[in-house]
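Data first, discussion second: the structure below is written as structure tokens.
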Amino acid sequence: MNLRGAPQVGVEDEAPVDVFSYHQRSKHRMDAYARGPDTIDWEQQPNPFRHFSGTAQLQLSLSALKEQGEALAQLQAYSLSDLWLGRNPPSLGLGLEAIALWLRHSLALSAWKQYGGSRWSLRCNPSSGNLHPTEAYLVMSGVEGCADGVYHYRPEHHALELRCEFSRDARLPAGIYIGLSSIHWREAWKYGERAYRYCQLDIGHALAALACAAAPLGWQLEYLPVADAALEAVLGLDRDADFIAGEEEWGECLLRVHTGNGGTVGDDIPGRLQRAAAGGSWHGAAELLDRHHFYSWPVIAQVAEQVRREGTQRAAEAKVDGEKLPSALAAEYREPLYRLALQRRSAQAYDGVTDIGMNEFFTLLDHLLPRPEQAPWAVLPGPASVHCVFFVHRVEGLAPGLYVLPRSANGEALLRSEMRESFEWERVGQAPAHLPFYRLISAKAERTAAKLCCQQAIAGNGAFSLGMLAEFSGQLEDAPWRYRELFWEAGALGQALYLEAEGIGLQGTGIGCFFDDAVHELLGIEGDALQSLYHFTIGGALHDPRIITMPAYSERRR
């Protein structure tokens, strides 16, 4: 597939880019894909692992808590149902062993794959094209066995690199924070101008992976609204001399880890952390990721500047209409949550015959509803603003067709007003009473789903596929930084779907390539009140026997 669309030259190229014009120009269309590289040399792809030379490395255990029977039993017993039901086990407290478990089941490697002479790694958090633009930094104080400071996480070694050691004058109470950033070049190398979208989806996947992996430890994550400049100062991303031009990192978000132990730094958390970083001793410089920057995509930096968060403002909370959602539907899963996190895979092809039971399907839909006090939804910074349109292919007892799941009452009102007037909006009678699931039209949709997703058969061969519609212009006019957060929400939904698919014995895969406006046309959407951000599909996966799977850390003893 030629990933480059019709060139855009002249005045349009010189025009200033805001969030709306970027989103428009980065759309795939039936007659032209978003601008991207003419060719791709897979032998020359950027290094998927960032490393800082000149730093001390702290290796994290792969067998943490192995000798602690009671704690280990807690982790082995914690299921996906426990997560959806919001069950909080006793906290394992503040320590390197718990940190090792948390990162092992959220951002670490899950396996290596090999086909012929090619070898590549998989991670617990998925990424568009398996390119992994997301980097993670721990900011820690009072953790036994390590100096207070800022650490970069190295997933290929399951280790921490000390970037900044705080001085004793910092006097921060015991605590853990984690910051996420994006290296845009890793995605742009393959996807060109559309890459910024995928970087933000990957942040959403990582947020959800971190929130879900924290739950078995008895931890909760809190999103902290921080100005991007302050975040980058805390993480050392504003130290230009430490990074290669074109391979710099952009700060995305900061989370506080509530472990049930330790103190608090008070109301001015970002300020305290920033002052500690400013007074600390910094070490290391980022190694080169790619020797061949053949293309340049300045529009990515332009939109990234447009959507920067300048302060600590948050999105206004949506009004909650009606009664509070009941507890999530329970389900029986064969594997504990941590095992599902390690076995999560993106399916490459589906068999076209495997179906999903109606009760399993409705339970899956229920688990996508935004219960704001529970992981992973509790870690998202704004109200539920992304809604799901389903192409049902093979769900037992449910007619094939187009369905919709609004994730809020306000969202349902917007969907009804913006989508095609001829849609039926018939509530699915077999669904639980609290589930706002509606049939829009009955029709076989496999070919349509595949066509809309850049002619990819996988969208039609699964049990179902879905598109995620975001409340768009109304969110962004006064808060352009919400553009990033809408993609984070879509990515979090994707991570929930991945885990749910594994839990019921199927596999999922995210789909970032789709014809944006063709999706809108099918749904009757005009204007930009709603926009399609992400697609996903679940089904019975076909596996290529020629691809060999190997352990993630076979060279490590512990």
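The values are calculated or read from the model by the stated rules, or taken from the named source; none is laboratory data. Keep in mind that this is a model prediction, so the values were computed, not measured. Please note: Cβ atoms are built from the backbone with ideal geometry, for glycine as well, and neighbour counts cover all protein chains shown. In case anyone asks, the SASA skips ligands and DNA or RNA and just uses the protein heavy atoms, side chains included. Shrake-Rupley method; radii C 1.70, N 1.55, O 1.52, S 1.80 Å.
Remarks
- Pair list, Cβ < 7 Å and 6+ apart or interchain, from the stretch 508-531 residues that are touching a residue at least 12 places away in the same chain (Cβ under 8 Å) to residues that are of a type in the set (Lys, Arg) and not in a helix (DSSP H, G or I): PHE515/ARG29; ASP516/LYS27; ASP517/LYS27; ASP517/ARG29; LEU523/ARG420; GLY524/ARG420
Yes or no, residue by residue, for (1) more than 18 Å from GLU135 (Cβ to Cβ); (2) touching a strand residue (DSSP E or B) at 6+ places or on another chain (Cβ under 8 Å); (3) surrounded by fewer than 21 Cβ atoms within 10 Å (Cβ to Cβ):
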position	(1), (2), (3)
ALA195	no, no, no
CYS199	no, yes, no
GLY204	no, no, no
ALA209	no, no, no
ALA213	no, no, no
TRP219	yes, yes, no
ILE244	no, yes, yes
GLY251	no, yes, no
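- Some residue of the stretch 283-300 being hydroxyl-bearing (Ser, Thr, Tyr), at pLDDT 95 or above and open to solvent by 20 Å² or more (accessible area, probe 1.4 Å): no
- Residue within the stretch 89-109 that is among the charged types (D, E, K, R), under 22 Å from the mean Cα position of the chain (by Cα) and open to solvent by 20 Å² or more (accessible area, probe 1.4 Å) present: yes
- Residue within the stretch 352-370 that is at pLDDT below 95 and open to solvent by 20 Å² or more (accessible area, probe 1.4 Å) present: no
- Listed by first and then second residue, the pairs with beta-carbon distance under 6 Å, at least 6 apart or on different chains, first residue in the stretch 269-297 and on the phi > 0 side of the Ramachandran plot, second in a loop (DSSP other than H, G, I, E, B), are GLY284/GLY54; GLY284/THR55.
- Every listed requirement among (1) open to solvent by 20 Å² or more (accessible area, probe 1.4 Å); (2) within 28 Å of GLN456 (Cβ to Cβ); (3) touching a Gly at 6+ places or on another chain (Cβ under 7 Å) is met by GLN374 save one, (2).
Residue-wise test of (1) within 30 Å of ILE244 (Cα to Cα); (2) crowded, with 16+ Cβ neighbours inside 10 Å; (3) over 25 Å from the mean Cα position of the chain (by Cα).
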| residue | (1), (2), (3) |
| --- | --- |
| TRP42 | yes, no, no |
| PHE49 | yes, no, no |
| GLN59 | yes, no, yes |
| ALA71 | no, yes, yes |
| SER81 | no, yes, no |
| TRP112 | yes, yes, no |
| ARG119 | yes, no, no |
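- In the set (1) aromatic (Phe, Trp, Tyr); (2) within 27 Å of ASP366 (Cβ to Cβ); (3) open to solvent by 10 Å² or more (accessible area, probe 1.4 Å); (4) in contact with a His (Cβ under 9 Å, 6 or more places away or on another chain), the condition left unmet by TYR534 is number (4).
Conditions tested, residue by residue: (1) out of contact with any Phe, Trp or Tyr (no Cβ under 9 Å at 6 or more places or on another chain); (2) not acidic (Asp, Glu).
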site	(1), (2)
ALA349	yes, yes
ASP366	no, no
GLY411	yes, yes
ALA443	yes, yes
CYS453	no, yes
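- Selection status of ARG314, open to solvent by 50 Å² or more (accessible area, probe 1.4 Å), touching a residue at least 24 places away in the same chain (Cβ under 8 Å), under 30 Å from HIS158 (Cα atoms) and in a loop (DSSP other than H, G, I, E, B): no
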